[in-house]
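Structure first, commentary second.
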Amino acid sequence: MIPVYGLILAGGSSSRMHRDKAALPYRGKSQLDRAFELAGRHLAKVFVSVRASQTTDPTRAQRPLIVDCIAGEGPIVGIRSALAAYPDVAWLVLACDLPFLSDAALSQLLRERDVGGLATAYRSAHDGLPEPLCAVWEPASAPALASYQNDGGHCPRKFLIRHAVRLLEPLDRRALDNVNTPEEYAQALAALDATS
């Protein structure tokens, strides 16, 4: 079985949030710390994906980092950089802004992954499309991602739509809800407080 490492994507600019999403506090921990600890309960090694300019950022620098080494921008660069750094492992890729993500969701994803394919992802509960930022990307996806990006592609979701990948139905419809704006952050805090 090909081993799986974790990659928390924390290299974005957080332009819609107007502040660093990775540093947003939830129940006394930063969003990045929560995601890192969640992945660490399931995987032996977890890394944080960053741009070169973020390597000394206090929120990120205390964790093992994978620095973008592929030209371009967006999550596809982080995914490809991880595949380049450790080409013989699969990567459980997680956006850092998934405050409702659970151990159950990660367990299902890892248990039902398609080791012979390019990736295993959840189907969005909102639009039925693949969720590339809570997915396992197999080593075999590296050349296909490179070809896709070289042809001008940059959206990991569109990549998954165009390729035969395993799609899972989420058991918890809210687990993959992300937080991009101050309003969504306030709603997420309220929802989490209501369940505590």
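How big is the antiparallel share of DSSP beta bridges in segment 4-195, given as a percent to the nearest 5?
40
Of PHE36, LEU171, SER102, which is farthest on the positive side of the dipole of the chain, counting Cα position, with +1 on Lys and Arg Cβ, -1 on Asp and Glu Cβ, and the Cα centre as origin?
Working it through, the farthest residue towards the positive pole turns out to be PHE36.
Would you mind calculating the relative contact order of segment 117-188 from Cα pairs under 8 angstrom and at least 6 residues apart, reporting the percent as a whole number?
The normalised contact order for segment 117-188 reaches 40 percent.
Regarding segment 4-195, what are the three Cα extents along the principal axes, ordered largest first, in Å?
That works out to 42, 37, 31 Å along the principal axes.
Just to confirm a number: summing +1 for Lys and Arg and -1 for Asp and Glu over residues other than GLY40 whose beta-carbon lies under 12 angstrom from that of GLY40, what do you get?
Value of the local net charge: +1.
If R0 is 41 Å, what FRET efficiency do you get for GLN62 and ARG162 from their C-beta distance, rounded to 0.05?
For R0 = 41 Å, the calculated efficiency reads 0.65.
Between CYS155 and ASP193, what's the calculated FRET efficiency when r is the beta-carbon distance and R0 is 41 Å? Round to 0.05.
The pair CYS155/ASP193 has a calculated efficiency of 0.75.
Throughout, read-outs are computed from the coordinates displayed, never taken from laboratory work. None of these values were measured; they are calculated from a predicted model. Neighbour counts are summed over all protein chains in view; Cβ atoms, including those assigned to glycine, are modelled from backbone coordinates with ideal geometry.
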